[in-house]
Amino acid sequence: MTEVHRSRIFTASCVALIVTAMTFAIRAGILTQLGEDFQLNNTQLGWINGVAFLGFPVAMMFGGLIYNFLGPKKLLAIAFICHAIGLVMTMTATGFWTLILSSFFIGFANGSVEAACNPLIAELYHDKKTVMLNKFHVWFPGGIVIGSLTSLLMGDVLGLGWQWQIGIMLLPTAIYGYLVFVEAFPSLDHTETSTLNNVKALASPLFIFMMICMTVTAISEFGPQQWVEKTLGSSGVHPMVILAMVTGLMAVGRYFAGPVVEALNPAGVLLASSVVATIGVYTMSFATGPMIYVAAILFALGVMYFWPTMIGFVSEYLPKTGALGMSLMGGAGMFSVSIWNPIIGGWLDSAKADALAAGKVGAEADLAAGVATLESMALFPAALIVAFTFLFIIRKKLVRGEIKAEPLAD
């Protein structure tokens, strides 16, 4: 396989991840419009958001199990088809249930992208897989920046409806779909990702512990982002500007993650991240004016390393879990977000009802509901402080122990 072909496949993977990220950002930006057009409350909007996150882990678990059988080309083809169906179905939605179904298709497409591209890039660039995986994952926060600014431009500046904001994502979808179908993918060596070799490693207490922690790190990161329009929309700042700023910082931070991880080790990075994230989310709950931007920066610094460090920790300390282990970790995180999204929507509805009962109206009631909900969401990273303190304490045992000494492949 030549470098040119390898580069084209990497480009297709990055564009597919950009589409994945744009679906998160633009959906977050149009929640209020969807609620108004279809007469949906926050709990129903939470279910719509949640189903998108549910489709993600279903696809990741499915893709992780059959990656060695189908191969990345077919998984990416599935992602393209599901993206196209989901986006068109969203644009033509007639109510709650069509939005639910379209969200599942989009979520399944997003998960298929992750399930296909993580092991694909690791094998394509086996001589520099850490560097290239970092460059690949930059495009998730990078894609959210693109989606946030696109939503801001199309909605606030050009005055276009949410259907146009969904439809614009068909363009990058067509680009990566074209590359997937026309490029010849290589025959890859799957000896390190044999599904049968993963099963025993998946039963490790450390892996189970990290899976549980992944469910909390994921909602700590995605909860405030997905509900930014609802929680900060009445605070005097533009939610899409906040989202673009947060994810832009995350993209830069992830690109230069190597020296940070080397200095603190993965357990230290996770502990420090949980402390900063807690401070950031809690500060957002009471900050006003320019201080909201300061709180958002703290939030970005706190969550930017959560996802890649969790995946990297499993890859480093539990290498025999292979591609399936990475897929299950990511799937656990997104499944958690799918469960918590309608609950967060319920928190908003309940908090707004309390605000209305207290005599607050309009934007004042919305602001009070956002404050109360952000206070509740601060409990997620706060719980991680306890979990990652334990991990940090036992880190030396892990380094010296059997887990660290295991070879990277059978």
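Hey, what did the range 1-130 get for relative contact order, percent, Cα under 8 Å, at least 6 apart?
Rounded, it is 33 percent for the range 1-130.
For residue 397 and residue 149, FRET efficiency with R0 = 35 Å and r from the beta-carbon atoms, rounded to 0.05?
For R0 = 35 Å, the calculated efficiency reads 0.15.
Which ³J(HN,Hα) values, rounded to whole Hz and listed in residue order, are derived for the range 106-120 from phi using the Karplus coefficients 6.51, -1.76 and 1.60 in 6.51 cos²θ - 1.76 cosθ + 1.60 with θ = phi - 60°, glycine and proline given as x?
With the stated coefficients, the range 106-120 comes to 5, x, 5, 5, 4, x, 5, 4, 5, 5, 7, 7, 4, x, 4 Hz.
Largest first, what is the accessible-area ranking of 18, 9, 279 with a 1.4 Å probe?
Putting 18, 9, 279 in descending order of accessible area: 279, 18, 9.
Indicate the gyration tensor shape class of the range 45-98 (rounded, prolate or oblate), computed on the Cα atoms with a ≥ b ≥ c the square roots of the eigenvalues: a/c under 1.5 is rounded; otherwise a/b larger than b/c is prolate and the rest oblate.
oblate
Per residue, how much space in cubic angstrom lies within the convex hull of the C-alpha atoms of the range 221-356?
Convex hull volume per residue, Cα atoms: 109 Å³.
Can you compute 3J(HN,Hα) from phi for each residue in the range 15-27, using the Karplus curve 6.51 cos²θ - 1.76 cosθ + 1.60 with θ = phi - 60°, rounded to whole Hz and x for Gly and Pro?
Listing the rounded values in order: 5, 4, 5, 4, 4, 3, 5, 4, 5, 5, 5, 5, 4 Hz.
Between residue 200 and residue 88, what is 0.36 nm times their sequence separation minus the Cα-Cα distance? Round to one decimal in nm.
Residue separation times 0.36 nm, minus the Cα-Cα distance, leaves 36.1 nm.
On full extension of the chain, what length is gained from residue 354 through residue 275, given 0.36 nm per residue of separation minus the C-alpha to C-alpha distance?
25.4 nm
Determine, from the Cβ-Cβ distance of residue 209 and residue 343 and an R0 of 30 Å, the FRET efficiency 1/(1 + (r/R0)^6), rounded to the nearest 0.05.
Taking R0 as 30 Å, the efficiency between residue 209 and residue 343 is 0.80.
Where the centroid of each part is defined by its Cα atoms, how far is the range 275-296 from the range 114-186 in Å?
Cα centroid of the range 275-296 versus Cα centroid of the range 114-186: 29 Å apart.
Using only the Cα atoms of the range 306-392, each taken as one equal point scatterer with no solvent, compute I(q) by the Debye sum, divide by I(0), and report log10 of the ratio at q = 0.13, 0.20 Å⁻¹.
Log10 I(q)/I(0), no solvent term: -0.61, -0.95.
Convert each backbone phi in the range 169-175 into a coupling constant with the Karplus relation 6.51 cos²θ - 1.76 cosθ + 1.60 (shift: θ = phi - 60°), then list the ³J(HN,Hα) values in order as whole Hz, x for Gly and Pro.
In residue order, the calculated couplings are 6, 5, 5, x, 4, 5, 5 Hz.
Counting each pair of different Cα atoms once, what's the Kirkwood radius of the range 245-313 in Å, rounded to one decimal?
This gives a value of 12.1 Å.
For a protection proxy built on the mean count of beta-carbon atoms within 10 angstrom, sort 219-225, 245-251, 376-382 highest first, please.
Going by the mean number of other Cβ atoms within 10 Å, highest first, we get 219-225, 245-251, 376-382.
Between residue 178 and residue 33, what is the spin-label point distance in nm, taking each point 7 Å from the Cα along the Cα→C-beta axis?
Label-label distance for residue 178 and residue 33, simple model: 2.6 nm.
Can you tell me what the convex hull of the Cα atoms of the range 23-135 projects to on average, as an area in nm²?
Averaging across all directions leaves 7.4 nm² for the Cα convex hull.
May I ask you to compute the full-extension gain from residue 383 to residue 7, defined as 0.36 nm times their residue separation minus their alpha-carbon distance, rounded to one decimal in nm?
Difference between extended and current length: 131.2 nm.
From the gyration tensor of the Cα coordinates in the range 218-274, what semi-axes in whole Å does the equivalent ellipsoid have, largest first, with each one equal to sqrt(5λ)?
27, 13, 8
Once the whole set of protein chains is in place, how much accessible area is left on residue 375, using a 1.4 Å probe, in Å² to the nearest 10?
Per-residue accessible area (residue 375): approximately 90 Å².
How many percent of Cα pairs in the range 86-169 exceed 16 Å?
Above the 16 Å cut-off, the range 86-169 has 65 percent of its Cα pairs.
Pop a pseudo-label 7 angstrom from the Cα along the beta-carbon direction at both residue 156 and residue 288 and give the gap in nm to one decimal.
If labels sit at residue 156 and residue 288, their model points lie 2.1 nm apart.
Using a Förster distance of 51 Å, how high is the FRET efficiency between residue 361 and residue 187, based on the Cβ-Cβ distance and rounded to 0.05?
In this case the efficiency is close to 0.20.
The values are calculated or read from the model by the stated rules, or taken from the named source; none is laboratory data. All figures in this text were calculated on a predicted structure; none of them were measured in a lab. When we count neighbours, we look across all protein chains shown, and the Cβ atoms used for this are built from the backbone with ideal geometry, even at glycine. Ligands, DNA and RNA are excluded from the accessible area calculation, which covers all protein heavy atoms including side chains. Shrake-Rupley method; radii C 1.70, N 1.55, O 1.52, S 1.80 Å.
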